[in-house]
Structures are given as structure tokens and as C-alpha cells.
Amino acid sequence: MTIFGESAGAAISAGLAGSPHAAGLFRRAISQSVAWMGLGIAPMRTRQQAEQPTGRSRAPLVSLAELRAKSAEEIARMLSGAGMIVDGWIIAQDESLTFAQGRQQPVDVLVGSNKDEGTFAGNTTAAAWTNRVRQRWGDLADDYLKLYSADSDEAATRASRMAFRDELAWHMRLDARLQVKRGNRAYWYFFTHEPPYAPDARNLKARVSSYWVNFARAGDPNGKGLPRWPAFGAGSAVSTIIGEIKEAPDPQRLAMYDKLYAKILAGLKE
């Protein structure tokens, strides 16, 4: 069996690969644009953190019975933005630790993200972007701002969108890298096709569909008539470009996220 998801579904696919209760339930996982940490590099939240009241009318949930007694609307309001949480059962611990320790399920993965991730987020200002970077990146902020500079509001918006895109690409690469380290196969893509309709768009659709189906069937996206997609780590640790624009994540920028993640992992291990 292959499990397959996009965005929140992608996080669930990756998250299940890290769950001790998923042993033997599937052999492959496809995650598009998100892995277990969600949209940004950060520790996973615990159930207790996710259920903290954020308004006068909200109360913490203390039992499954109380949870089931609430309406879907109440749950959506209370847990909005919680993402996948460490519940101590399905997700036994922060999965950054699980994957770093090589204790995730031994499944093959096909993972990747898109060139224009994050354009839905709107505009920002140079001041807001710089403040946000300094709060999050601390002693790494100056180096980060050299790569994602913001000397004007327009530049800050471009930097913010590029950073969102690169952080997701980094996360998908991490997923691929750690599954290869675990002894499994991984395929990492970067999707660059842009609307409107291009002459070869139907061919692109057929190619992507074939890659996905081949991977689900046999754990390898390659097949007759398809451009060769090298496995991650098999002489290639770069993403395969899917689309007509030959643009790939910049290794120098991705290296910055390695530094931030190292700090987060160190904090989780304390």
C-alpha cells in the first residue's frame, strides 16, 4: 500500500511514517509540500500545548469524552493552527527526534514542493520582515538576511516568499535524506510548471501521473518513455525538476535551514 497526501495530507503521510502504530501498514508514502513539521521548521506541539485556552470562552480539553461532546465548529476554533500534535500515542514523540534517531517506519518516499509556494501569504514590509527574522533566527539572523535581504518593502515581500518556498523544499529534502539513511529509497522533486496552459501541459500531466502511479506500484517512479528520475542519494542529492522552468532550490540557502534545525534538535534532546 502507498499513502499519499498534499499539504495537510502530506504532513499526515510523513507523520504516519514516524508513528510506531503504523508498522507494516504501508510500504510507500508520497508527501507533496509538507512533512511532519508542517509549514515551518519548529518543534511539534504537544497535546497540552495545543489545547491551551486562547480566549475567555475557551476551556482546556481534559478527556476524550469532552472532546467528542463538542461540535466540529468548536474544535476548529480551539485547535486552529495546531497542526499535527504529539499525543503520546499515534505520535509518540516529536518526530524530528524519531526521524533523527532512525526509528521511523522503513518506507520508500516520493516527496517535493513547488517553485511558487507561499505566494498566497500576501505582502510584508521591510521592517516587519526584518523583525520577524531577528526574533526567529537569533544569532543566525545577520547571515540569514544576507540571503533574504529586505532593503525595501517590495524586496521584503520577495524575500518572504522565497524563504517560504525554500523552507518547504528543505523540509522535503530532509524527509528524503533521512529515509535514505534509514535504508529506503527516496525521490525528491521540485515542481516548476506555471499556468496558463502551455503546449506540453497535457504531456506534463501524463508524465507526473505516470511517475506517481509507478512509484505507488513498485517504489520507483521511472518507467518506459519517462525522463529518468534518479533516486536521492544514488549519485544525486539534488531535486528532479518537474516543469519547463529549470530552477532548483539554492544549496546555500538550504544550508541556512540546516543550521536552524540543528539548534531545534539540540533543544529537543535536552
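When region 247-265 is limited to residues that are modelled with pLDDT of 95 or more and either small (Gly, Ala, Ser) or assigned to a loop (DSSP other than H, G, I, E, B) (or both), the one that is surrounded by the most Cβ atoms within 10 Å (Cβ to Cβ) turns out to be Ala255.
Going by the structure shown, is Leu97 out of contact with any Cys (no Cβ under 8 Å at 6 or more places or on another chain), closer than 26 Å to Glu247 by Cβ and outside any loop (DSSP other than H, G, I, E, B)? Judged against the criteria, Leu97 is not a match.
Within region 23-40, residues that are closer than 22 Å to Ser209 by Cβ sit with their Cβ atoms under 8 Å from residues that are open to solvent by less than 20 Å² (accessible area, probe 1.4 Å) and part of a loop (DSSP other than H, G, I, E, B), at 6+ positions apart or across chains, in these pairs: Phe26/Val107; Arg27/Val107; Arg27/Gly219; Arg28/Val107; Arg28/Gly219; Ala29/Val107. If you check Glu244, Glu270 for being exposed (fewer than 14 other Cβ atoms within 10 Å of the Cβ) and touching a residue at least 12 places away in the same chain (Cβ under 8 Å), only one passes: Glu244.
Against the test of being modelled with pLDDT of 80 or more and surrounded by 13 or more Cβ atoms within 10 Å (Cβ to Cβ), the options Ala29, Ala23 yield a single qualifying residue, Ala29. In region 205-223, the residues that are open to solvent by 30 Å² or more (accessible area, probe 1.4 Å) form Cβ pairs under 8 Å with partners that are of a type in the set (Val, Ile, Thr), at six or more places apart or across chains, as follows: Arg207/Ile242; Val208/Ile242; Ala216/Thr2; Ala216/Ile30.
Here are the criteria: (1) in a helix (DSSP H, G or I); (2) of a type in the set (A, V, I, L, M, F, W, C); (3) modelled with pLDDT under 95. Tell me which single one Ala150 does not satisfy. Of everything listed in (1) in a helix (DSSP H, G or I); (2) of a type in the set (A, V, I, L, M, F, W, C); (3) modelled with pLDDT under 95, Ala150 misses just condition (1). Look at region 181-192: where a residue is touching a residue at least 60 places away in the same chain (Cβ under 8 Å) and under 27 Å from Asp116 (Cα atoms) and a partner is in a strand (DSSP E or B) and charged (D, E, K, R), sitting 6+ places away or on another chain with Cβ atoms under 9 Å, you get Arg185/Arg28; Arg185/Asp108; Ala186/Asp108; Tyr187/Asp108. Put simply, of Leu174, Leu145, Leu178 the only residue that is free of Cβ contacts under 8 Å to residues at least 24 places away in the same chain and of a type in the set (A, V, I, L, M) is Leu145.
A quick yes/no check of all residues on (1) open to solvent by 20 Å² or more (accessible area, probe 1.4 Å); (2) touching a Phe, Trp or Tyr at 6+ places or on another chain (Cβ under 7 Å); (3) over 20 Å from Ala35 (Cα atoms):
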{"position": "Leu110", "(1), (2), (3)": "no, yes, no"}
{"position": "Asn114", "(1), (2), (3)": "yes, yes, no"}
{"position": "Thr124", "(1), (2), (3)": "yes, no, yes"}
{"position": "Thr130", "(1), (2), (3)": "yes, no, yes"}
{"position": "Val133", "(1), (2), (3)": "no, yes, yes"}
{"position": "Leu140", "(1), (2), (3)": "yes, no, yes"}
{"position": "Leu145", "(1), (2), (3)": "yes, no, yes"}
{"position": "Tyr148", "(1), (2), (3)": "no, no, yes"}
{"position": "Ser152", "(1), (2), (3)": "yes, no, yes"}
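Going by what's in this entry, would Gly233 be described as of a type outside the set (Asp, Glu), in a helix (DSSP H, G or I) and at pLDDT below 95? For Gly233, the condition - of a type outside the set (Asp, Glu), in a helix (DSSP H, G or I) and at pLDDT below 95 - is not met. Would you confirm whether any residue within region 63-84 is among the hydroxyl-bearing types (Ser, Thr, Tyr), on the phi < 0 side of the Ramachandran plot and at pLDDT 90 or above? Among the residues of region 63-84, not one is among the hydroxyl-bearing types (Ser, Thr, Tyr), on the phi < 0 side of the Ramachandran plot and at pLDDT 90 or above, which makes the answer no.
Residue-wise test of (1) over 19 Å from Arg161 (Cβ atoms); (2) touching a strand residue (DSSP E or B) at 6+ places or on another chain (Cβ under 9 Å); (3) not hydrophobic (A, V, I, L, M, F, W, C).
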{"residue": "Ile90", "(1), (2), (3)": "yes, no, no"}
{"residue": "Asp94", "(1), (2), (3)": "yes, yes, yes"}
{"residue": "Leu110", "(1), (2), (3)": "yes, yes, no"}
{"residue": "Asn114", "(1), (2), (3)": "no, yes, yes"}
{"residue": "Asn123", "(1), (2), (3)": "no, no, yes"}
{"residue": "Asn131", "(1), (2), (3)": "no, no, yes"}
{"residue": "Arg136", "(1), (2), (3)": "no, no, yes"}
{"residue": "Lys146", "(1), (2), (3)": "no, no, yes"}
{"residue": "Ala150", "(1), (2), (3)": "no, no, no"}
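The values are calculated or read from the model by the stated rules, or taken from the named source; none is laboratory data. Everything quoted here is computed from the prediction, not taken from an experiment. Quick reminder, even Gly has a Cβ in these numbers, built from the backbone with ideal geometry, and neighbours come from all protein chains shown. Note: areas computed on protein heavy atoms with side chains; ligands, DNA, RNA excluded. Shrake-Rupley method; radii C 1.70, N 1.55, O 1.52, S 1.80 Å.
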